[in-house]
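See structure below.
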Amino acid sequence: MYGLYIFDENGNNVFERFYGKINLHPEILLSFCKEITKFVQNIDQSKRIGLFNIEKLTFIYSLSQDISLVLCSDQKEDEMYLINKLVKVQEEAHKILKQKTAMTTQTAEETTKTEGIMETESTMETEEAVGPIETMETETKEGVDGKVEESPLKNFEQVVDEILFPFLKIAILGSGGVGKSSVLKLVLGDEPDANYIPTVGVDIKEFDFEVKSMKLVFWDFSGQPHFRKLWQPFLEEADLVIVVSNSTVENLVETKSIIQLINAEKPDACIVLIANKQDLPEAIPPETIEKYMGMPVHGLVAIDPNQREKLLEILKEAILELIEKRSQKTSLAEINT
């Protein structure tokens, strides 16, 4: 479960978003999160970030002059991972509020300018009609439309979704008939096909992964040579590339050329190499393939449902490694700036 609250400078709840089942009454949770911001602000008026745990819940808060955010989670997530998520949400919220403030200021200036022009024109018309006016009683009329201004964060859900529940794009590549679709079906928990059915073009599937609450988008490409021209644009967008081999001598040469192609198109690609069909007599062991490929290799029998947990664990390790690399890259960029 994730719960996000955003409060304005007056302590009003201007945005909230929940994911998963809430084990507390929403009103109680809202009241508690609001009190968190008040309590911390009374201690220290400066901008700050902090966290604490109560029972099985983690609360992370980020306070600034104009807004306060509280993210609560019952997930066993890394604390720095959650803090980074909250900071990103805060940065995006500040961008929207800044744009809103700029637009409001511009509108007010234009309105004032227009009213000044209209007032001048009206005075001139009056003087022409009745002559100069020495004194004039002015009546102030307060305009009240009775409408409540919508929060500028009203349509902020999509931004928050992308930050709290990111998705990874994963390309599955390999020669024809090596078992790419079987690998994908194993991930999804689907029954493998009894007969070989070649993929034509690209097959796209989504999968909600438990790791970091991510949505995985798989692109399963046809391995036929005339379809490989489709690979290049997708490789540029892929976060992770799964390369599948059928573990035969003949296929390893072609698999190595595919990996070289990937490295040429995307030098920083994160590649997971699967040595499929390890149940066949002619299958080369993963250890031997590693020596030839010069990279880690994972042996697999994709048509065996019992190996699904193994495959999911392989994905988990690859995704966590990818996140760690991105985190280190971001930290390095911040240091350099």
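Coordinate-derived values only; no laboratory data. Not measured: the values here are computed from a predicted model. Glycine gets a Cβ as well: all are built from the backbone with ideal geometry, and neighbour counts include every protein chain shown.
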| note | Whole-Hz Karplus couplings 3J(HN,Hα) for the stretch 305-310, θ = phi - 60° and coefficients 6.51, -1.76, 1.60, Gly and Pro as x, run x, 5, 9, 5, 4, 4
| said: Can you sort ASP239, ASP193, ASP268 from fewest to most other Cβ atoms within 10 Å of each residue's own Cβ? | reply: ASP268, ASP193, ASP239
| Cα radius of gyration and Dmax for the stretch 2-93 (Å) | 12.1, 34
| note | Computed from the beta carbon distance with a Förster radius of 35 Å, FRET efficiency for ARG48 and LEU322 to the nearest 0.05 stands at 0.70
| query | How big is D, in µm² s⁻¹, for the stretch 165-336 by Stokes-Einstein at 37 °C and 0.692 mPa s if Rh is the Kirkwood radius over C-alpha pairs? | reply | 200
| request: Would you order THR288, THR37, THR255, THR248 from fewest to most other beta-carbon atoms within 10 Å of each residue's own beta-carbon? | output: THR288, THR248, THR37, THR255
| message | Using Cβ counts within 10 Å as a stand-in for footprinting exposure, how do TYR61, TYR81 rank, fewest first? | response | TYR81, TYR61
| query | Per-residue HN-Hα couplings for the stretch 79-84, Karplus 6.51 cos²θ - 1.76 cosθ + 1.60 at θ = phi - 60°, whole Hz, x for Gly and Pro? | reply | 4, 5, 5, 5, 4, 4
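Evaluate E = 1/(1 + (r/R0)^6) for LYS154 and PHE18, where r is the Cβ-Cβ distance and R0 equals 25 Å; express this FRET efficiency to the nearest 0.05. Intermediate results must be reported in sequence, preceding the final value.
Details: r = 16 Å, r/R0 = 0.66.
Once rounded, the FRET efficiency stands at 0.95.
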